[in-house]
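Have a look at the structure below, then the notes.
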Amino acid sequence: MQKLHTVNADTLLYEPLEKPSFVVDGLIPTGLTLFCGAQKIGKSWLMLKLCLCVSQGIPLWDMPTREGDVLYLCLEDTFCRIQDRLFRLTDEASGRLHFAVASDKLSDGLIVQLEDYLKEYLDSRLIVIDTLQKVRTASKDNAYASDYGDISLIKLARHV
């Protein structure tokens, strides 16, 4: 058994630590964030607006964003529907915002697809998967174990 690695409070108090960075200042930290809510309340619209803002480096509401490349996996949409939504939100879009309407499942290659994307777009700030259920594999495990396993796989992809 491995010994616990501990830090005492005095050391921790004075140890310079790197502060978390944010995709949207004060709202969405760098890392994995789940955005959940009831059906048909506008989650996909909000994610598209977020993607537009980050890809252009413009504020989301009054909160600054860090400009960078963005991948939006719109797995329940078509390019025609995405285009229609884009026209409703903006007359200007950035070449830094990338869309896909199909991907592999988590267990069948999505992680490699995401890693390849991150290797090609080194200045990536945001990846949105809409919806998580579309990339999951049916499982008879308990729900918590399935959630934990799937989320852990996605978290690993960002460490390329």
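The values are calculated or read from the model by the stated rules, or taken from the named source; none is laboratory data. From a predicted model like this one, the values you see are computed outputs, not experimental measurements. As a convention, Cβ positions derive from the backbone with ideal geometry for all residues, glycine included, and neighbour counts pool all protein chains shown.
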> Just one of Leu86, Leu71 is of a type outside the set (Gly, Ala, Ser), part of a helix (DSSP H, G or I) and at pLDDT 95 or above; which is it?
Replying inline: Leu86
> Of the residues in region 2-32, how many are loosely packed, with under 10 Cβ neighbours inside 10 Å, part of a loop (DSSP other than H, G, I, E, B) and not acidic (Asp, Glu)?
Replying inline: 12
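One line per residue, one yes/no per condition, for (1) touching a strand residue (DSSP E or B) at 6+ places or on another chain (Cβ under 6 Å); (2) surrounded by fewer than 17 Cβ atoms within 10 Å (Cβ to Cβ); (3) aliphatic (A, V, I, L, M); (4) outside any loop (DSSP other than H, G, I, E, B):
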| site | (1), (2), (3), (4) |
| --- | --- |
| Leu34 | no, yes, yes, no |
| Gln39 | no, yes, no, no |
| Leu46 | no, yes, yes, yes |
| Lys49 | no, yes, no, yes |
| Leu52 | no, no, yes, yes |
| Ile58 | no, yes, yes, no |
| Glu67 | no, yes, no, no |
> Looking only at region 116-135, which residues are free of Cβ contacts under 8 Å to residues at least 60 places away in the same chain and hydrophobic (A, V, I, L, M, F, W, C)?
Replying inline: Leu118, Leu122, Ile127, Ile129
>> Checking the structure you have, find out if any residue of region 91-98 is closer than 29 Å to Tyr148 by Cα, buried (at least 17 other Cβ atoms within 10 Å of the Cβ), in contact with a Leu (Cβ under 7 Å, 6 or more places away or on another chain) and in contact (Cβ under 8 Å) with a residue 24 or more places away in the chain.
In response: yes
> Can you spot a residue in region 14-27 that is modelled with pLDDT under 95, under 30 Å from Ser146 (Cβ atoms) and not hydrophobic (A, V, I, L, M, F, W, C)?
Replying inline: yes
> Does Lys119 satisfy the condition of being modelled with pLDDT under 85 and surrounded by fewer than 18 Cβ atoms within 10 Å (Cβ to Cβ)?
Replying inline: no
